[in-house]
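Contents: one structure, followed by commentary.
The values are calculated or read from the model by the stated rules, or taken from the named source; none is laboratory data. Small disclaimer: the values here were computed from a predicted structure and weren't measured. Here Cβ is always computed from backbone atoms with ideal geometry, including for glycine, and neighbour counts include all displayed protein chains. These accessible areas exclude ligands, DNA and RNA; they are computed on the full protein's heavy atoms, side chains included. Shrake-Rupley method; radii C 1.70, N 1.55, O 1.52, S 1.80 Å.
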Amino acid sequence: SQVERQSLSIETSGLVKRYGDVAHIGQYSLGTYRASLPQAHRAIYHAGMVRFIGRYAASQAPKYPVVKYEIMSPSLQGGSGLMVDSRITLRDGTTYDVRWLLAKYGGTYRVRDAMVYGFWITPFLKQLFETYIGEQGGDVKALVVVLNR
């Protein structure tokens with residue numbers, strides 16, 4: 001139902017905000033338009049981006065009913081952070097691997113990206129955002145507005 005999807009969207013957005021490397025993902029996703037986002041608009045842009053990711057994840061979640069996840073070891077230290085491999089099992093028994101890229105912040109880590117089926121997620125977000133901004137004549141504020149609807 002609409003109420004369940006909205007609730008799941010809010011919950012997912014909260015998880016992205018709490019565990020995601022929101023500032024990095026947001027700046028990366030602006031691509032060539034990064035310098036065009038005024039400092040004063042960053043917080044509202046990040047909040048809108050988090051809601052966008054939450055809404056998208058909530059719309060896709062019913063297609064992937066997870067019943068189990070396993071963290072594989074060992075983790076790999078890369079130039080961009082710590083890579084942690086996991087195996088996800090769906091209700092129908094299908095499994096798939098997800099590699100998480102984590103960035104260290106003080107005594108904790110935040111999710112910077114995830115690789116599913118061999119593809120990193122943030123480049124798709126970057127392409128989507130850059131395309132939208134380009135279609136708006138390079139107006140980054142147009143993206144901020146649409147993300148916060």
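What does the helix-only formula give at 222 nm for the chain: each DSSP H stretch with n ≥ 4 adding -39500 (n - 2.57), the total divided by the residues, and the result rounded to the nearest 500 deg cm²/dmol?
Details: 5 runs with 68 residues, N = 149.
When only DSSP H runs of four or more count, the value is -14500 deg cm²/dmol.
Using a 1.4 angstrom probe on the protein heavy atoms only, line up 94, 12 by accessible area, largest first.
Values: 94 60, 12 25 Å².
Descending accessible area places them as 94, 12.
Work out, step by step, the length gained on full extension between residue 71 and residue 98: first 0.36 nm times the residue separation, then minus their alpha carbon distance; give nm to one decimal. Before the final figure, lay out the partial values.
On the way: separation 27, 0.36 × 27 = 9.72 nm, distance 0.95 nm.
Gain on stretching residue 71 to residue 98: 8.8 nm.
What base-10 log of the normalised intensity I(q)/I(0) is obtained for the stretch 1-106 from the Debye formula, alpha carbons as equal point scatterers, at q = 0.13 Å⁻¹?
Results for the stretch 1-106 at q = 0.13 Å⁻¹ read -0.64.
Report the residue, chosen from 17, 63, 126, that carries the largest GNM mean-square fluctuation when the chain is represented by alpha-carbon nodes joined by springs under 10 Å.
63
Under a straight-distance cross-link criterion of Cα-Cα below 12 Å, which aspartates and glutamates are reachable from residue 63, leaving out those fewer than 8 residues away in the same chain?
92
Mind ranking 55, 112, 18 by accessible surface for me, highest first, 1.4 Å probe? Don't skip to the end; give the middle numbers.
Working: 55 90, 112 45, 18 155 Å².
These residues rank, largest area first, as 18, 55, 112.
Per-residue accessible area for residue 102 at 1.4 Å probe radius, Å² rounded to 10?
Counting only protein heavy atoms, the figure is 30 Å².
Considering just Cα atoms, how many Å³ per residue does the convex hull of the stretch 17-56 enclose?
Details: hull volume 2.5 nm³, N = 40.
For the stretch 17-56, the hull spanned by Cα atoms encloses 64 Å³ per residue.
Report, by chain and number, residues whose modeled amide H sits under 5 Å from the one on residue 114, excluding near sequence neighbours (fewer than 5 apart, same chain).
Residues meeting the amide H criterion: 101, 121, 122.
Projected onto the charge dipole of the stretch 1-142 (+1 at Lys/Arg Cβ, -1 at Asp/Glu Cβ, origin at the Cα centre), which of 54, 129, 66 gives the Cα projection farthest towards the positive end?
54
Just need the relative contact order of the stretch 1-132 here, percent rounded to a whole number, with Cα pairs under 8 Å and 6+ apart.
Details: 184 pairs, mean separation 32.7, N = 132.
So the answer I get is 25 percent.
Tell me the volume per residue, in Å³, of the convex hull enclosing the alpha carbons of the stretch 92-149.
On the way: hull volume 9.5 nm³, N = 58.
In the stretch 92-149, the Cα convex hull volume per residue is 164 Å³.
I want to verify a result. In a Gaussian network model of the chain, Cα cutoff 10 Å, which of these has the top mean-square fluctuation: 92, 21, 113?
92
How would 129, 124 line up by accessible area, probe 1.4 Å, largest first?
On the way: 129 5, 124 115 Å².
Highest to lowest solvent-accessible surface, that is 124, 129.
So who's got an amide H within less than 5 Å of the one on residue 83, skipping anything under 5 residues away but keeping other chains? H placed 1.01 Å off N, in plane.
76, 77, 78, 102
If you take the beta carbon distance between residue 139 and residue 56 as r and set R0 to 25 Å, what does 1/(1 + (r/R0)^6) give as a FRET efficiency, to the nearest 0.05?
Values: r = 22 Å, r/R0 = 0.90.
Computed FRET efficiency for residue 139 and residue 56 comes out at 0.65.
At 1.4 Å probe size, with every protein chain present, just tell me what the per residue accessible area of the chain comes to in Å².
On the way: 9330 Å² over 149 residues.
Here the residues of the chain average 63 Å² of exposed surface.
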